[in-house]
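Q: Dumping the structure here so I can ask a few things about it.
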Amino acid sequence: MKPVVERFLRYVAVATDADPQSAKVPSSSGQLVLAKMLAEEMKSMGLSDVEVSDHGYVMGSLPAAAEEYPVIGLIAHLDTSDAVSGKNVRPRIVENYDGKDILLNPQEKIFLSTKDFPEILDHVGEDIIVTDGTTLLGADDKAGIASILAALEYLIDHPDIPHGTVRVAFTPDEEVGHGAALLDLERFGADFAYTIDAGPIGELCYENFNAASATIEIKGRSVHPGRAKGKMINAILIAQDFLAALPPKEIPACTEGYEGFFHVCSNVGTVENATIELIVRDHDSEHFEGRKALLQKIVAELNSRWGEGAVSLAMRDEYRNMAEVLQYSMHIVERAYKAMEMAGVTPCVKPVRGGTDGARLSFRGLPTPNIFAGGHNCHGRFEFLPVQSLEKSMEVVVGILTGTTV
């Protein structure tokens, strides 16, 4: 088993589910456990300036072997999504995948189906890391962590290969929108950086959604239903009116590529009170502002119908499209593109249909596109990671740092 795979399997054993309800950073104790574990590994490898902050940020350096190279940062996140548990992950390697459905869990009859997830057929003949169907796998983003450290281990073992100073950061709470907010960029000291974060082989991303979250609070009036005529105001029904006013096809299940959406995350209520939580996403800044304006318009119309103050809207911008920044630093993207070609990987330049630590970092002054770590179906029990994709991710990282192939 290759070192990059061994690393990955070791890291997924640590539960690092992010907690969206926590106000702490990191939001879960497991992230700090993994952070300290990685720091010890980095020290044993011979990296310098290794430290773990109180908030779970891990940083370290590989000193330059050639001063004319830029200082490049490599970033991955410690946490996993809370959508499906990341506790007690039991990974298994399906060797020489034969193109059939994979039985993940005989007791519960859980299959990784080629009908539901046909992309797995692109990896026939490869070795596939899967779950037992009861947890997520954690390739998002422990595959990224493994890719980075295996690449640095390769350079340490090959001191004749020239490269510049490499700065490494492993960050907490990416899955809950923290966006590496507490990463000290002056201390980090990179000229530019890359996140190595999930995504199938070949993905190269320098665009992402503009993003906002919205909370709609609805106030009703409860009256005995037998005497309610002209008196009762049912908050649940107003919530239905709100949802019915949203464009029905502009949801995640009906959109792809550059198409934006509204995503209803929760809808709970009683006659007296109802709350809708949703997120707004669009790559185009004008369309994004239009989506937010539509929410305001719907709320105004409902208040006109049901009485002023019946419906309130609280909206918060979360992150912006990093293409606004990276369009002025395309040499960074081109560097990754060439590294993929050298590694025999066909680059697939596409927008991130989500967020990335690189978005906030780019707007803070550190241009940071994203490259693949190899994972598929992240945030769910059908997540899988082709071993060969993970190995290629490590090779691409080496190519970015050195301009050479493994």
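Q: What FRET efficiency comes out for residue 263 versus residue 40 if R0 is 35 angstrom and r is the Cβ-Cβ distance? Round to the nearest 0.05.
A: 0.35
Q: Where the centre of each part is set by its Cα atoms, how far does segment 92-132 sit from segment 23-56, in angstrom?
A: After rounding, the separation between the Cα centres reads 33 Å.
Q: I need the calculated FRET efficiency for the pair residue 109 and residue 68, taking r as the beta carbon distance and R₀ as 51 Å, to the nearest 0.05.
A: Computed FRET efficiency for residue 109 and residue 68 comes out at 0.30.
Q: Next question. For helix 285-306, what angle does its Cα long axis make with the longest principal axis of the chain, in degrees from 0 to 90 and rounded to 10?
A: The answer is roughly 20 degrees.
Q: How far is it, in nm, from the label point at residue 217 to the one at residue 24 when both lie 7 Å from their Cα along the line to the Cβ?
A: 2.8
Q: Per the helix-only calculation at 222 nm, which mean residue ellipticity applies to the chain, given -39500 (n - 2.57) for every DSSP H run of n ≥ 4 and division by its residues, nearest 500 deg cm²/dmol?
A: Counting only the DSSP helices, I get -9500 deg cm²/dmol.
Q: Something else: Leaving out ligands, DNA and RNA, and with a 1.4 Å probe, what % of the accessible surface on the chain is carbon or sulfur?
A: Reported share for carbon and sulfur atoms: 50 percent.
Q: Within the set 249/392; 297/350; 24/109; 87/109; 142/249; 36/100, which residue pairs have Cα atoms separated by over 28 Å?
A: Cα-Cα > 28 Å for 249/392; 297/350; 24/109; 142/249; 36/100; rest within.
Q: Averaged per residue, what accessible area in Å² does segment 291-406 show with a 1.4 Å probe, protein chains only?
A: I get 42 Å² per residue for this part.
Q: Ok, one more. Which angle between 0 and 90 degrees, to the nearest 10, do you get for helix 235-244 versus the longest principal axis of the chain when only C-alpha atoms count?
A: 60
Q: Determine, from the Cβ-Cβ distance of residue 388 and residue 294 and an R0 of 35 Å, the FRET efficiency 1/(1 + (r/R0)^6), rounded to the nearest 0.05.
A: For residue 388 and residue 294, the calculated efficiency is 0.20.
Q: Here's something else I'd like to know. Could you compute the net charge surrounding residue 370? Neighbours are other residues with a C-beta less than 13 Å from the C-beta of residue 370; K and R count +1, D and E count -1.
A: -4
Q: Treating the angle as unsigned and between 0 and 90°, give the value, to the nearest 10°, between the Cα long axis of helix 139-157 and the longest Cα principal axis of the chain.
A: 20
Q: Which residues make up the longest stretch of the chain that has no chymotrypsin sites (Phe, Trp or Tyr not before Pro) in a DSSP loop with at most 16 other Cβ atoms within 10 Å?
A: The segment 1-257 is the longest one with no such site.
Q: Still on this structure, please answer the following. Within the chain, which is the longest segment containing none of the GluC sites (Glu not before Pro) that sit in a DSSP loop and have at most 11 other Cβ atoms within 10 Å?
A: 109-255
Q: A further question follows. Compute the distance in nm between two label points, each set 7 Å from the Cα along the Cα-to-Cβ direction, one at residue 10 and one at residue 92.
A: With each label placed 7 Å out from Cα toward Cβ, I get 2.5 nm.
Q: So in the chain, what percent of DSSP beta bridges are antiparallel if you round to the nearest 5?
A: Among the beta bridges of the chain, antiparallel pairing accounts for roughly 75 percent.
The values are calculated or read from the model by the stated rules, or taken from the named source; none is laboratory data. Note that this is a predicted model, so its numbers are computed, not measured. Counting neighbours? That spans all protein chains shown, and the Cβs are built from the backbone with ideal geometry, glycine included. Accessible surface areas use protein heavy atoms only, side chains included; no ligands, DNA or RNA. Shrake-Rupley method; radii C 1.70, N 1.55, O 1.52, S 1.80 Å.
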